[in-house]
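Undergrad: Below you'll find the structure I mean.
A short reminder: the numbers here are calculations on the coordinates, not readings from a lab. This structure is a prediction, so every number in the text was calculated from the model and none was measured. Cβ: placed from backbone, ideal geometry, glycine included. Neighbour counts: every protein chain shown.
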Amino acid sequence: MQEETLRYSEDHEWVNVENDIATIGVSQYAIDELGEIVFVELPQKDTEITQKSEFGTIESVKTVSSIYAPVSGTIIDTNTALADQPNLVNSDPYNQGWIIKIHVANVEELDDLMTHEEYQLFLKTLVH
Amino acid sequence: MTSLNKTALTSLHHKLGAKCTSFANHELPIWFSTMKDEHLAVRNDAGMFDIAHMGVFLITGSNSESFLQKLSCNSLIKARSDTMIYSMFLNESGMILDDVMLGCLDNSWYLVVNGANKGKIRTWMQDHIMSDVMIRDCNIDQTLIAVQGPDAVNNLSQVLDSDLTKIKRFGMSLVSWQGSDVLTTRTGYTGEDGFELLVANEHIPQLWQALLDTGITPCGLAARDSLRIEAGLPLYGQELSETIHPLMTRYAWVVKWDHDFIGKASLHALKTNSFQKAVGLELSEKLIARPNYVIQEGGVITSGTLVPQTQTSIALAFVEPDFSELGSQVHVMIRNKVVAASVVQVPFR
């Protein structure tokens, strides 16, 4: 997946949408902040999630963080490879490190997300 | 928010691409590469840490030993002759104000305190000051770094052009480097052989660069934490605090009852009470037990990490006395899960 074509939330999730199916992961910025990922807690398939609600947790050597739904929908798949290889999120956050796929409930919510360019500007506003 | 103190090395860290964080009001590297690589560098070769946040005081004057002896629950006798010792300062209730390293070289006492406690300890010393005791804040113009690992002694001897094998474990020595005195102590916080160096600010960037050039791995706070947890060493604010007394810790030996010290009477009275004990745990799942996670049988996690070499989840914790024996089984509440854990030997390796 190309970083440039993705949409991003302020909580540093990325979204790629094809035919109402959204693949969701966490951005390189989030990975750089977290360090080595040691555990990703995945939700159950068929769970409904609503925009901005927590659907999982990601644990790094440094901290535990919640992962929030960038858009609402029904979970149709989870990346079970992360159970044995959570570090796929570090090594390949936009491809092999994807976290869930959902059937998008309301495509208009995608408008709330930032483009890659907007996200890069947003990152510059964050205080370290 | 108060502004962060940069150390004499901050700009060098940025050049190396370090990820920095705020710790004890200082901007310090959390890692340069990854926690795992830095942890392994210290275990297998040599790594070095900017620990400019640690408070260092130089205490001189005819009453300096009596003064420090009153504050220290460990006896200073062994610290008189060029040797650093581990001790704790207690409050009047016998609870831990700070854990410290101190030692005497050429009639000058060096006292190293935790960065987060520096202001508190400075005030505590001022409140208990004696005549003819002078306290100098070394952090004003000196930087503390640590060089740790099996290769530290050789690498450092080469860079300082001085045979550091002569310094015994916990020994102290002034080593001359580029015309400047470097206080060199064979101490550390990693469970490995190594040294801590107190260096003039104007010389530290040059020394740090020379150490980098010999191949010593620069390391951040994340590896410093995983290394000290694996070695079973306490961190103030987690294993130690003003609600914990030394007899609850794995360091009850620091209390020497043959001299007078602040908190002695209260601590003596606490001896007969039942209290939770500090233990090491190995968890049955690869989840990190973090500070304040609750133990079902009673007690709490104080620190935890995944050991980089084995991916084993280990933790330091307080448990009820009935669960403190090696092999005891307890259960740690990790978010919405109950994870079994065994009481194991500390250090964890």
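Undergrad: Considering only B:T21, B:T83, B:T184, give the residue with the highest GNM mean-square fluctuation for chain B, with springs between Cα atoms whenever their separation is below 10 Å.
TA: So, out of B:T21, B:T83, B:T184, the one fluctuating most is B:T21.
Undergrad: Checking the cross-link filter: which aspartates and glutamates have an alpha carbon closer than 15 Å to that of B:K168, excluding same-chain neighbours under 8 positions apart?
TA: Reachable aspartates and glutamates: B:D82, B:E192, B:D193, B:E196.
Undergrad: Please build a GNM for chain B, connecting alpha carbons under 10 Å apart, and tell me which residue among B:L71, B:L174, B:L16 fluctuates the most.
TA: Highest fluctuation among the options: B:L16.
Undergrad: Counting alpha carbon pairs within less than 8 Å and at least 6 residues apart, what relative contact order, in whole percent, applies to chain B?
TA: Working: 785 pairs, mean separation 62.3, N = 349.
Over chain B, the number comes to 18 percent.
Undergrad: Which GluC sites (Glu not before Pro) does the stretch B:186-275 hold that lie in a coil by DSSP with at most 16 other beta carbons within 10 Å?
TA: Values: sites: B:E192, B:E196, B:E202, B:E230, B:E239, B:E242; in loops: B:E192, B:E202, B:E239, B:E242.
Sites meeting the loop and neighbour criteria: B:E202, B:E242.
Undergrad: Extension gain A:A83-A:D32, at 0.36 nm per residue separation less the Cα-Cα distance, in nm?
TA: The A:A83-A:D32 span can extend by a further 16.3 nm.
Undergrad: For B:S303, what is the net charge nearby, where nearby means another residue's Cβ is under 11 Å from its Cβ and Lys, Arg count +1, Asp, Glu -1?
TA: Summing Lys/Arg as +1 and Asp/Glu as -1 gives -1.
Undergrad: Applying the Karplus parametrisation 6.51 cos²θ - 1.76 cosθ + 1.60 with θ = phi - 60° to the phi angles of the stretch B:331-340, what ³J(HN,Hα) value in whole Hz is obtained for each residue in order, glycine and proline being reported as x?
TA: 10, 9, 7, 10, 6, 9, 10, 10, 10, 6
Undergrad: With springs only between Cα atoms under 10 Å apart, run a GNM on chain B and tell me which of B:K78, B:K337, B:K70 wobbles the most.
TA: Largest GNM mean-square fluctuation: B:K337.
Undergrad: Then there is this: For the stretch A:56-65, take each phi angle, set θ = phi - 60°, evaluate the Karplus expression 6.51 cos²θ - 1.76 cosθ + 1.60, and give the result in whole Hz per residue in order, putting x for glycine and proline.
TA: For the stretch A:56-65, the Karplus-derived couplings read x, 10, 10, 10, 10, 4, 8, 7, 10, 10 Hz, x marking Gly and Pro.
Undergrad: Run the quick spin-label model on B:R335 and B:T214: label points 7 Å from Cα toward the beta carbon, then report their separation in nm to one decimal.
TA: Label-label distance for B:R335 and B:T214, simple model: 4.4 nm.
Undergrad: Which of the GluC sites (Glu not before Pro) across the stretch B:1-95 are loop residues per DSSP, with 16 or fewer other Cβ within 10 Å?
TA: B:E92
Undergrad: Let me have the 222 nm mean residue ellipticity of chain B computed from DSSP H runs of 4+ only, each contributing -39500 (n - 2.57), with the sum over all residues rounded to the nearest 500.
TA: -5500 deg cm²/dmol
Undergrad: What relative contact order, as a whole-number percentage, does the stretch B:276-349 give when Cα pairs under 8 Å and 6 or more residues apart are counted?
TA: 37
Undergrad: Which residue, chosen from A:N90, A:F122, A:A105, occupies the Cα position most advanced towards the positive end of the dipole of the stretch A:31-128, where the dipole is computed from +1 (Lys, Arg) and -1 (Asp, Glu) charges on Cβ about the Cα centre?
TA: Of the candidates, A:N90 comes out farthest on the positive side.
Undergrad: Going down the table (B:K166/B:K271; A:K62/B:K264; B:K70/B:K118), which pairs top 29 Å between alpha carbons? Let's see the in-between values first.
TA: Details: B:K166/B:K271 41 Å; A:K62/B:K264 38 Å; B:K70/B:K118 18 Å.
Result: B:K166/B:K271; A:K62/B:K264 exceed 29 Å.
Undergrad: Using only the Cα atoms of chain B, what semi-axes does the equivalent ellipsoid have when each is the square root of 5 times a gyration tensor eigenvalue? Give whole Å, largest first. Present the calculation step by step, with values, prior to reporting the outcome.
TA: Values: eigenvalues 197, 151, 60 Å².
Equivalent ellipsoid semi-axes, largest first: 31, 28, 17 Å.
Undergrad: At B:Q345 and A:S66, where each label point lies 7 Å from the Cα along Cα→Cβ, what is the point-to-point distance in nanometres?
TA: 4.3
Undergrad: When Lys and Arg each count +1 and Asp and Glu each count -1, what net charge do the other residues less than 12 Å away from B:R186, Cβ to Cβ, add up to?
TA: -1
Undergrad: OK, next. Skipping prolines and chain starts, which residues have an amide H placed within reach, meaning under 5 Å, of the one on B:I85, given they are 5 or more residues away or on another chain?
TA: B:L102, B:G103
Undergrad: Now for a separate question. About the Cα centre of the protein assembly as shown, what is the dipole size in debye to 20, counting +1 per Lys and Arg Cβ and -1 per Asp and Glu Cβ, all else neutral?
TA: Result for the protein assembly as shown is approximately 1900 debye, rounded to the nearest 20.
Undergrad: Report the Stokes-Einstein translational diffusion coefficient (µm² s⁻¹, integer) for the stretch B:276-349, Rh taken as the Kirkwood radius over Cα pairs, at 4 °C with viscosity 1.567 mPa s.
TA: Numbers: Rh = 11.7 Å.
Approximately 111 µm²/s, per Stokes-Einstein.
Undergrad: Let me ask something additional. When averaged across all projection directions, what area in nm² does the alpha-carbon convex hull of the stretch A:3-105 cover?
TA: If I average the Cα hull's projected area over directions, I get 5.6 nm².
Undergrad: Say the dipole of the stretch B:228-345 comes from +1 at the beta carbon of Lys and Arg and -1 at that of Asp and Glu; which of B:A231, B:L270, B:V344 then lies farthest toward its positive end?
TA: Projecting each Cα onto the dipole axis, the largest value belongs to B:A231.
Undergrad: Between B:L4 and B:M134, what FRET efficiency follows from the Cβ-Cβ distance if R0 is 41 Å, with the result rounded to 0.05?
TA: Numbers: r = 30 Å, r/R0 = 0.72.
E between B:L4 and B:M134, to the nearest 0.05, is 0.85.
Undergrad: So, R0 is 22 Å and r is the distance between the beta-carbons of A:E4 and A:S91; what FRET efficiency does that work out to, to 0.05?
TA: Efficiency at R0 = 22 Å is approximately 0.65.
Undergrad: On to the next question. Between B:K271 and B:S180, what is the spin-label point distance in nm, taking each point 7 Å from the Cα along the Cα→C-beta axis?
TA: 4.8
Undergrad: Report the one residue of B:N292, B:S11, B:Q126 whose Cα lies farthest in the direction of the positive end of the charge dipole of chain B (charges on C-beta: Lys and Arg +1, Asp and Glu -1; origin at the Cα centre).
TA: Value computed over the given set: B:N292.
Undergrad: Using the alpha carbons of the protein assembly as shown, what is the convex hull volume per residue in cubic angstrom, as a whole number?
TA: Looking at the protein assembly as shown, the number lands at 154 Å³ per residue.
Undergrad: While we're looking at this one, here's another question. Treating only the Cβ of Lys, Arg, Asp and Glu as charged (+1, +1, -1, -1), what charge dipole size does the stretch B:276-349 show about its Cα centre? Round to the nearest 20 debye.
TA: On the way: 6 positive and 6 negative charges, 71 e Å.
Roughly 340 debye, rounded to the nearest 20.
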